[in-house]
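Chemist: Structure below; questions to follow.
The values are calculated or read from the model by the stated rules, or taken from the named source; none is laboratory data. Everything numeric in this text was worked out from a predicted model, so none of it was measured. Neighbour counts are summed over all protein chains in view; Cβ atoms, including those assigned to glycine, are modelled from backbone coordinates with ideal geometry. What goes into the accessible areas is simple: the full protein's heavy atoms, side chains included, and nothing from ligands, DNA or RNA. Shrake-Rupley method; radii C 1.70, N 1.55, O 1.52, S 1.80 Å.
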Amino acid sequence: MTSRRNFIKAGAAVGAGLLISKLSFEADAASHNDQTLNSKGKEPILTSHTFTSKRTTTHYWEAGPSDGPLMIFLHGWPEIALIWRAQMENFASEGWRCIAPDLRGFGDSSVPTAKEAYAIKEIVDDMTELHAHLGGKAAIWVGHDWGSVMAGSVAAHYPKISRGVVLISVPYLPNGWALPNLIPLVDRTLYPADKYPDGQWDYWRFYLTHFDQAVSDMEADVRATLASIYTKGIPASVGKLSPSAVVTANGGRYGAAHRAPAMEPDYTLWPQPDFDALVAAFKKTGFRPCNSYYLNDDANIAYAKAAVNNGKLSQPVLFVNDEYEPFSNINLSKVGDPMRNACSNLTVIDQPSGHWLPLERKPKLTETIRSWVKLNGLK
């Protein structure tokens, strides 16, 4: 096993904010290889490491004292570990040891070719190996999007290494994050079954039926694709038909154009050096690996059945719900019901945000997690 480190200066630290919750509680007040980004005073430094086992190679960022309580941040689609920069900087400055890996298929981690390599069990096994490499101390696992799926799966299959779980945007499904398990939870008032059989999850169906086209459309202009994906949530979208429900009808995410429209990225979400690093990462890996996460429903359902205690979570769980999210907002369908039934210590917080909550609500997300940690005595 090997480990390598590089160094990167942290960007601007985030501040505190007012917490608004469904379960109200008082809130507490480019390239990454030896390159400096937004160097500023005594702020924490993110260090870049590569861990290699017999199975895989995992690149990860680290910040904070090596003997601090462990917090592991798992990104989603189509992200890289740098999406957690703001949260890592803040928690590292408070004494936490913060780790953010690139999941397999992303960034500088392994990029297998077989679709089966992107089943949830494979990624969970990557994370348990990384966790052991880090010393084996039980951690708080924080995830967004597919990272939320992985954080919940780690907690379900390896509860002893999880002190608590933070799930952002995507709720926990104890029977497996898979299209067949999501369709019964669709709001059929908004998505009649005869017209929208897969509801807001039609984009997932498109991966299953038109995978090569989905990949080639995204790879036609990587920068434009990422700029078009990373946009802020719109309050007016709440309760309206999601664009994700008509991907098949439109002939793909970008329709007849088969490429994203030219547009400037929103640098208030990704700071420009980090957005440039994001683009470089996807120019290297392409979108085939990350899109393959959607191709393993049967394996993922079978894996969920092998979880400890039938997938019920006894650890403290925080779910941060994005109110302007058109497809996984738990206020708009029954998609949150299985999580509520499976988690014995669940806190649900609403944030006025779109899907990219770790970027759109940087200081507020940090404050939400900090308050939940205090509420549950996790530090």
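Chemist: Can you give me the % of accessible surface on the chain that is carbon or sulfur? Probe 1.4 Å, all protein chains present, nothing else counted. Spell out each step's value before the answer.
Modeler: Values: 7860 of 14490 Å².
The C+S portion of the solvent-accessible surface of the chain is 54 percent.
Chemist: What's the Kirkwood radius of the range 140-231 in Å, using all Cα pairs? Walk me through the numbers before you get to the answer.
Modeler: Numbers: mean 1/r = 0.0647 Å⁻¹.
Hydrodynamic radius (Kirkwood, Cα only) of the range 140-231 equals 15.5 Å.
Chemist: Is it possible to state the helix-based mean residue ellipticity at 222 nm for the chain, with each DSSP H run of 4+ residues giving -39500 (n - 2.57), the sum divided by total residues, to the nearest 500 deg cm²/dmol? What is it? Walk me through the numbers before you get to the answer.
Modeler: Numbers: 13 runs with 114 residues, N = 379.
Mean residue ellipticity, 222 nm, calculated: -8500 deg cm²/dmol.
Chemist: Same structure, new question: Which whole-number percentage describes the relative contact order of the range 184-333, with Cα contacts under 8 Å and a sequence gap of 6 or more? Mind dumping the intermediate values first?
Modeler: Details: 147 pairs, mean separation 49.4, N = 150.
Value for the range 184-333: 33 percent.
Chemist: Per-residue accessible area for ARG253 at 1.4 Å probe radius, Å² rounded to 10?
Modeler: 110
Chemist: Please report the base-10 log of the normalised intensity I(q)/I(0) for the chain, using a Debye sum with one equal scatterer per alpha carbon and no solvent, at each q in 0.09 (1/Å).
Modeler: Log10 of I(q)/I(0), two decimals: -0.47.
Chemist: Give the dimensionless ratio obtained when the Cα radius of gyration of the range 43-101 is divided by 2.2 N^0.38 Å. Could you put the intermediate results ahead of the total?
Modeler: Working: Rg = 11.5 Å, N = 59, 2.2 N^0.38 = 10.4 Å.
That ratio works out to 1.11.
Chemist: Can you pull the one-decimal nm distance between simple spin-label points at LYS240 and LYS305, each 7 Å off the Cα toward Cβ?
Modeler: 4.2
Chemist: For the chain, with only Lys/Arg (+1) and Asp/Glu (-1) charged at the beta-carbon, what is the dipole magnitude about the Cα centre, in debye rounded to 20? Provide the component values of the computation, followed by the final result.
Modeler: Values: 37 positive and 38 negative charges, 134 e Å.
My answer is approximately 640 debye.
Chemist: Compute the whole-percent fraction of alpha carbon pairs in the range 167-284 spaced more than 24 Å apart.
Modeler: On the way: 2613 of 6903 pairs.
Summing the P(r) tail past 24 Å for the range 167-284 gives 38 percent.
Chemist: Assuming 0.36 nm per residue, please report the length gained on full extension of the stretch ALA114 to ILE45 beyond their Cα-Cα distance.
Modeler: Working: separation 69, 0.36 × 69 = 24.84 nm, distance 3.55 nm.
Taking ALA114 through ILE45 to full extension adds about 21.3 nm, to one decimal.
Chemist: Report the gain in length on full extension from ALA193 to SER314: 0.36 nm times residue separation, minus Cα-Cα distance, nm rounded to one decimal.
Modeler: On the way: separation 121, 0.36 × 121 = 43.56 nm, distance 3.53 nm.
Result for the pair: 40.0 nm of gain on full extension.
Chemist: While we're looking at this one, here's another question. Rounded to two decimals, what ratio of Rg to Rh does the range 301-379 give with C-alpha atoms and a Kirkwood Rh?
Modeler: Ratio value, two decimals: 1.00.
Chemist: Provide the per residue accessible area, probe 1.4 Å, for the chain, rounded to a whole number of square angstrom. Mind showing how you got there, number by number?
Modeler: On the way: 14490 Å² over 379 residues.
Accessible surface, normalised per residue, equals 38 Å².
Chemist: Sticking with the crude label model, points 7 Å out along Cα→Cβ, report the distance from ASN175 to ASP266 in nm, one decimal please.
Modeler: It is 3.4 nm.
Chemist: Quick one: give the max-minus-min coordinate of the C-alpha atoms of the range 230-379 along each principal axis, largest first, in Å.
Modeler: 48, 38, 35
Chemist: Here's a follow-up. For the pairs LYS121/LYS362; LYS54/LYS362; LYS115/LYS232; LYS305/LYS334, note any where the Cα-Cα span goes beyond 27 Å.
Modeler: Values: LYS121/LYS362 30 Å; LYS54/LYS362 36 Å; LYS115/LYS232 31 Å; LYS305/LYS334 21 Å.
Flagged as over cut-off: LYS121/LYS362; LYS54/LYS362; LYS115/LYS232.
Chemist: Sticking with this one: Report the extension gain between THR209 and ALA138 in nm, rounded to one decimal, defined as 0.36 nm multiplied by the number of residues separating them, less their alpha carbon distance. Display every interim value, and only then the final one.
Modeler: Details: separation 71, 0.36 × 71 = 25.56 nm, distance 4.02 nm.
Here the answer is 21.5 nm.
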